[in-house]
1. Whose amide H sits under 5 Å from the amide H of Tyr229, counting only residues 5 or more places off or on another chain, with H placed in the peptide plane?
2. Tell me the angle of helix 2-18 to the major Cα principal axis of the chain, expressed in degrees between 0 and 90 and rounded to the nearest ten.
3. Rounded to the nearest 0.05, what FRET efficiency do Gln209 and Ser238 have when you use their Cβ-Cβ distance and R0 = 51 Å?
4. For a quick check, take a GNM of the chain with Cα springs below 10 Å and name the residue from Gln167, Gln60, Gln50 with the largest mean-square fluctuation.
5. Have a look at Asp92, Asp252, Asp72 and tell me which one the Gaussian network model of the chain (Cα, springs below 10 Å) gives the largest fluctuation.
6. Compute a Gaussian network model of the chain, connecting alpha carbons closer than 10 Å, and tell me which residue from Thr174, Thr107, Thr93 fluctuates the most.
7. Assuming R0 = 22 Å, can you tell me the calculated FRET efficiency for the pair His38 and Ile181, based on Cβ-Cβ distance, to the nearest 0.05?
8. What are the ³J(HN,Hα) values, in whole Hz, obtained from phi via the Karplus relation 6.51 cos²θ - 1.76 cosθ + 1.60 with θ = phi - 60°, for each residue of region 33-42 in sequence order, with x given for Gly and Pro?
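Please treat every number below as a calculation from the coordinates, not as lab data. Quantities reported herein were computed from a predicted structural model and do not represent experimental measurements. We place every Cβ from the backbone using ideal geometry, glycine too, and count neighbours over all the protein chains shown.
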Amino acid sequence: MKTLALTLVATLLGASAMAQYKLEYKSSGSMPLHYKAHTTIETTQTAMGQTSTFSMSSDQSISMTSAKSDADLVFSMIVDSSENLMIMPNGDTNRTPSPMVGKMKETRIHRDGEEVYTRWLDTAFANTDAAKMKQAGDFFFKLPAGTVNSGATWHEDKTDTAEVGGQGKIYINTGTAYKLIGEEKADGISCARIEFTGKVSMNGAANIQGMDMAITGKGTITGYALFDYGAGKVVNVSGSSDQDLTMASSGDNPMTIPMTQKADYQLTLVK
């Protein structure tokens, strides 16, 4: 009986050790990683008693290489293809290629995913409105320090700035809670499954169609990621968000436009 008990304890300890993970981003060297990103956004707004809905979808192919730089990693990403499809309230569609195609972006991160900087290497493109938009995939998210077990949780607070047509800025504050669920196979690769939830708030101002508008909003995000902890790379990110926004103008003819926005995002490593 004593031998059996010791065997059970050893088995449990071995299982516990197997459930420990060291999660950090690693360099892929000169070997490129290829990703597909798909985003859909549906927006409903009410103005002057009329409610309208329009939607947008975006598909991108992105190649990425990385290299070590001191204790950090530097990633070079190029947009191989990108196309946007806009569906208007009257049913008309507008399909447009993206000006990002062929442009390269450099991102430097710590090994835990904290961003040091992001910049476009094409200096002419870097000064355009298109370059100031959030784009080209959400590859990097916060990872925990040290070795962790399944069930570990951690948190990230982040502030982003979005340019609005060169005529204003919106400040976006996101608080995200992460949880390591355990291990999951993706195309035969052992990955850590990380689930996340979060809250978003935003405020800013922009000039839209000649009107100065104050913009406020709040919302939630939820989703999961699969992280190849052996190779230190993202395999999949799947997330969604729901937001309530208000645009308000002042002056002689003040106007308030409430909006709701639903978005879905999918990033997948294809090879």
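1. Ala192
2. The helix 2-18 is inclined about 30 degrees to the chain.
3. 0.90
4. It is Gln50.
5. Evaluated over the chain, the most mobile residue of the options is Asp252.
6. Thr93
7. Efficiency, rounded to the nearest 0.05: 0.40.
8. Result, ordered by residue: 9, 10, 10, 10, 10, 10, 10, 10, 9, 10 Hz.
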